[in-house]
Amino acid sequence: MGKKQHQKRAKAKGPAGDARADASLLTDAGGYDWGWPRTEMAAANLELIRRLSAGGFSGCAYGLMSPDGPPFLSLVGTNLAGMKSAMALIREWSDAVGPNALQLEILLDDPGYAIALSQQPDLLRLRLTGLDTVLQPMLMTTSVMKTLDTRHPFLQQLAQYANEPIAPIVLTVAQQPPSRPGTLISTIGFRPDHANAIMLPGLNIYARAEDRPAFSAVRGRHEPPPELTKRFPDPDQSPQALARQRERRLKAALPKTLHVLRHRQDGKALLDRAKAAGCAPWQAEQAVCNLRVPDFLAYQPNGKAKRLAMLDKIRSVIVEPASTSFWPETIELEAVLEQAKLDAAFLVRRLDKDAKVSGILADLNAQLRELGHG
């Protein structure tokens, strides 16, 4: 998996769940609405925590690279080899998606401070699922946090520096210096390891707890842990949300097909015929796209259930090359209308589980209008 070897996507498993999914696929008979929300999760593993633990991570140290700067911040631990290993992992992430891969936060918590390290959520999603793909999973990440009861005045200066529009800082690791009886650890000199240093474009330092963003990982010493929910938040099923998701996912998976339908004369002609026969514009586009999906199967299976399961799997991973040939005149209007009917039935079943689903496109569209999705 290259740069993704330290990550994995969480998937629900189980015979009962598989059976329900198979029954649903057979009921839908190939119908699918690309706007309907899918609950997916991407999870980071504990590798950074493991390596920092092996390095005896105990806090951070800071200073200037030279009299003219820039400043640096060193992650300090009792085992330099272990800290270098953690730095190598952060370097892998940075090489993959940029220097913002590591989210490093500091909260000034008098008389000391707290430091938290985690993965930047949007860049974690990028490494797991790619850029502009159909998948847009919820994220579960991990963080490492340390609280310290003293701080050097330089950290206050660093907080002011971090608020500048351009405030790069060098991230390094260092061996924790030996303690000296009667000497504050914050006043003991140390030697940072600059071999694999990373230039961060900025640093998040919060002077007050209320300055933190909503999903900050850093917390003060006396703050209670955040409240955790045991269920996913309810997805947005409004017509506007479904339209946005449908547009985004179709553009990610089948951009060539959408381009031909919207900009080439033969594509526009097919859509006009479908609209004249009772399809909404978005229904006609989606139906044609769904008719194109089977072209991406590695082979055509014999069994109906297996074919439907394969189609369901590839919808989330296909990316249509720009070189793909698409000739709208090869698609029959009757096939578009039949697919639009299946797609509309798919949506009606999910918007109203007690609905009696019609087998006629006009009736299905009337049901969708009553449900606010016309």
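The residues of segment 218-287 present an accessible area of 60 Å² per residue when probed at 1.4 Å with all protein chains retained. About its Cα centre, the chain has a charge dipole of approximately 820 debye under the convention of +1 per Lys or Arg Cβ and -1 per Asp or Glu Cβ, with nothing else charged. Looking at the chain, send over the antiparallel percent of its DSSP beta bridges, to the nearest 5. The answer is about 70 percent antiparallel.
Computed on the chain, with alpha-carbon pairs under 8 angstrom and 6+ residues apart, the relative contact order is 20 percent.
How much accessible surface does ILE205 have with a 1.4 Å probe, in Å² rounded to 10? The value for ILE205 is about 20 Å².
Across THR150, THR172, the residue with the most accessible area heads the list, and the full order at a 1.4 Å probe is THR150, THR172. Residue ranking by accessible heavy-atom surface, 1.4 Å probe, largest first, among SER74, SER24 comes out as SER24, SER74. Between LYS268 and GLU247, the C-beta separation translates, for a Förster distance of 25 Å, into a calculated FRET efficiency of about 0.90. Here is how the number arises for the chain: DSSP H runs of 4 or more residues each give -39500 (n - 2.57), the sum is divided by the residue count, and the result at 222 nm is -12500 deg cm²/dmol. Only protein heavy atoms count here; on that basis, with a 1.4 Å probe, GLU332 has an accessible area of about 110 Å². If the segment from ASP236 to VAL317 were pulled out straight at 0.36 nm per residue, it would be longer than the present Cα-Cα gap by 26.9 nm. By a 1.4 Å probe calculation restricted to protein chains, LYS275 has an accessible surface near 90 Å², given to the nearest 10.
The values are calculated or read from the model by the stated rules, or taken from the named source; none is laboratory data. On a predicted model such as this, the values are computed, not experimentally measured, just so you know. Cβ coordinates were reconstructed from backbone atoms using ideal geometry, including for glycine residues, and neighbour counts include every protein chain displayed. The protein model used for the area step is the full one, side chains on, heavy atoms only, and it has no ligands, DNA or RNA in it. Shrake-Rupley method; radii C 1.70, N 1.55, O 1.52, S 1.80 Å.
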